[in-house]
1. Which length gain, in nm to one decimal place, applies between residue A:37 and residue A:383 when the Cα-Cα distance is subtracted from 0.36 nm times their residue separation?
2. If r is the Cβ-Cβ distance from residue B:142 to residue B:51 and R0 is 30 Å, what FRET efficiency results, to the nearest 0.05?
3. Want the number for residue B:116 to residue B:221: 0.36 nm per residue separation, take away the alpha-carbon distance, what's left?
4. Which one, B:165, B:198, B:180, has the greatest fluctuation when you compute a Gaussian network model over chain B with C-alpha springs under 10 angstrom?
5. What residues from the stretch B:171-185 fall in the zone where the backbone N is under 17 Å from a label point 7 Å along the Cα-to-C-beta line of residue B:193?
6. Over all directions, what mean area does the Cα convex hull of the stretch B:132-221 project, stated in square nanometres?
7. Just add up the charged neighbours of residue B:191: K/R +1, D/E -1, any other residue whose Cβ is under 13 Å from the Cβ of residue B:191.
8. Please check: in the Gaussian network model of chain B (C-alpha springs, under 10 Å), which one of B:139, B:81, B:204 has the largest mean-square fluctuation.
Amino acid sequence: MKVDRRSFLGLGLGAVAGIAISPVGAKLTDDSSIWTQNWPWTPVPPDGKITYGQSVCTLCPGTCGINVRKIDGRPVKIEGQDTYPVNNGGACLHGIAGLQYLYDPCRVKTPLKKNNGRFEPISWEEAITLVAGRLGKIRENQRPDSLACITDTNLGSVPGLFSHFMTAFGSPNHFTMQTLESWLTQTAQTLHGSGHTLGFDLDNADFILSFGAGIIEGWGSPVACFKANSGRMQRGAKFYQIEPRLSNTAATADKWIPIHPGTEADLAMAMCGILLQENLFDPEFAAGFRGGLNRFNAMVQQKYPVDQVAAITGISAADIKKTAIAFAKAKMPVAVPGKGRGDGAQSLKEFAAIHTLNCLTGNINKKGGTFVKPVPGYLAFPDPVQDAVARDGAAQEKLAGSAQELVTKIHQSDAPVVDTLFVYSANPCYSLNDPMQTRAAFEKIPFVVNFTSFMDETALASDVILPISTFLERFEDVPSKAGFAGLVVGLAQPVVDPVFDTRSPGDALIHLAKTLGGTMGDSFDWPDYKTCLKSLVPGIWNDLSKSGYAVVSQGPPAGRVRTDFAFLAENPSTIQPQGDADLTLVPIDDMRVASTAPASSPFAIKTVSDRVIKNRDMFVEINPKTANGLKDGGFVTVTTPAGSAKVRLNFNEGIMPGVIGMVKGLGHTFDNRYVAGKGVNVHELISPVIEPGSGLDAAFGVKASISKA
Amino acid sequence: MSEIENKTEHGSMDGAKECAAGDPKNDTGLGLGVIFFILAFLICFLSGWLLFPKLLYSKHEQPFNFDHALHVQETGDCESCHFLREDGTFSGIPKTESCLDCHTDEPMGETEDEAIFAAEYVAKQREVPWYVYAKQPDCVYFSHAAHIKAAGMDCVTCHGHIGESTSSRPYEENRLTGYSRDIWGNNIWGITKNPWDSMKMDDCAVCHEKETGHKGYCFQCHK
């Protein structure tokens, strides 16, 4: 017998025939197709019981009520809360991506101490003891005012506790970052006296004259503004947008009026002049005018004649006049200040001049008008207990008018200005103008304690980091702000146990004060933050705990409003952009990019247009007429007095010739591969310019030149 | 005629001769081919039927034995443990918390299985990592409420008489797809006698066509 070719043929045929009438073929075909539909490496979230947790988003000043969908207690989705009076069911892209912040690669997982430039994990007890030791020494040296504090806002019980801490410790140096709310409060205080702030009833106004406010790009409470803008279109209210660039807001407006950047205050002054000259102001409301209306009138007629302002602003005299008259003749006109999100560097003069237009129309504290309302006063803080050292310290003069001015002073001074700095929920080393200067100033501060959830630029420049739970992991009262008409206080509640070894900032402060002991311990006589919060809001705790929010005020505030023209009658100077180059660089607020703390989520960054950022390259918007032969998409170097950056050109006929714009919120330098290392931080190209009088940074832009890179 | 053509012609003639019946010289070659054919056929055929299913599925024992019959007897029905939640979603396999409606960390009976449950899961507050025989893939949306409430179907129609079992059979997982063997069915050819013998899409379609006159649309289940 010989094994030959036919034997192998028989073998093969037999095998094929055997397999063919066995189930192998049919079964493997089916299984293979199933396998390709359910890749084994694709994660499948486990199924379970669906529950909802109620909270309030604190990612921006919008304060939207949220429902967090959970599966077996694991949060899987954030949705807008239907009944919440601010957002009425809506949510923005940052809010719905909020869960990503829980597991962000930059989350600080445990307290950290810097040792020779490197962070080492330590326990909470060690961290608090370390900070308390430093503070104890400051008080021993009788220099409690050398403790400074920067928080994102001064509203709500947590910033309130920092303020309480500072007063009890004996330091007047509590600063907040510049926000739309801080601008509005400062404006209201300047024109109507202290204890006031402004709100805008955009839901009912019939003529909105916006001086660059990005109504659908994050201004105020973003979701409330989206809804107000939709409602405006339905009820036919007019909306004029005055800004140098055809933003999304300008594109939805009835009229876009391009204006040379930084001349908005001059325009508003000229419009005030027209209203006064044409006798189009409300005589009844004018009865409450104080402090030199006549002087103001004489000044605007003399210094801001329409023809002259037309040349400065680039808007024709006829248009200025027509717009002013249309605004004054509307039934419910509202002039809205605050460029973009309204939180950047601007000038008090601009805010005051724009709000004076509201005052002249008399549409104040009426439906569809501007609300001059008291600053939120629902918190009942006990008086802090101070000893002699604290009393002396607290009586010292405040070091600066703003966080920006403080940083500038520290940077410029040879002698130590601040011994210890607390930073809470703010990223000044990124979001203040000229962050290089801020970082240099931080290096001069011997001891920086950062209460933060994320390892951002400021955290990297700190000495001790106390990791804070995110808004999904802790209690906090969250008052509406940033131009929202009423006052709604929401209760952020833990929808999930802290993912890492983090604490509520309130608990951290109480722990710190108790460790310091003495009058500090007496001033913080609460067992924990939740008990503290409950005792601070006795009037609204029932509402907060039952429905998750309390409506403190709704509708127009009562009472007469007095208006003081003294500030504007002096004709404060308009801040000019630094430098003498031909172009003016302005930061752009993009709804998809968070410009302050915390930085954007990975999800949000994924949604940004590739005409803003492509891979790691940043784009600068420019009108093709200004491009001087440069190509769309080509690489250029933007140079300003503060620095230079390599970027790509984005031709946009919707930006005024002579103006270039870069989106804020990119170019982070911390360790997060999803968010950082993309583009340029526009603040690095702008140096701060402190406005005399207000102490605020008024550098809205800077002169710039571009050259082929 | 070229050498190659010669060879080819010769070769083909050889083939004809080899294939011709009654040529005793070539019988052995053919016979060996047939033997090889039969051998290979038998090996592959039997492997396909007997060995292949064993290779395709991996077997897992449940964490401990569960006596459905006893529990049905004690509680009276399936719904006591496998219930619809208020929002209409199905609870599926009960959580340890549900078991604690009756059980405590002290065993109620004397079986070794209950002792494991009490010691390892109740006392340690852990969930039992049951293997789920009827688990459908993530790409399938299935509403128990629609079938139980709206269509008034009985558990047995799809799940068979599992409520009468006194012990947990091993869970068999398809190594390629990760599916439970119960989805395809125990029969490797996919032949079924009862509706609960398999739980593939076609099984759904058969019943839907019978009951509603239509197999249903893709998006009804694949959302």
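1. Gain on extension, residue A:37 to residue A:383, equals 118.0 nm.
2. It comes out at approximately 0.35.
3. Extra length from residue B:116 to residue B:221 when fully extended: 34.0 nm.
4. Answer for the Gaussian network model of chain B: B:165.
5. Answer for the stretch B:171-185: B:185.
6. So the Cα hull casts an average projection of 6.6 nm².
7. 0
8. B:139
Computed from the coordinates by the stated procedures, all read-outs in this text should not be read as laboratory data. Note that the coordinates shown come from a computational prediction; the quantities given were computed from them, not determined experimentally. Heads up, the Cβs are rebuilt from the backbone with ideal geometry, glycines too, and the neighbour counts pull from every protein chain shown.
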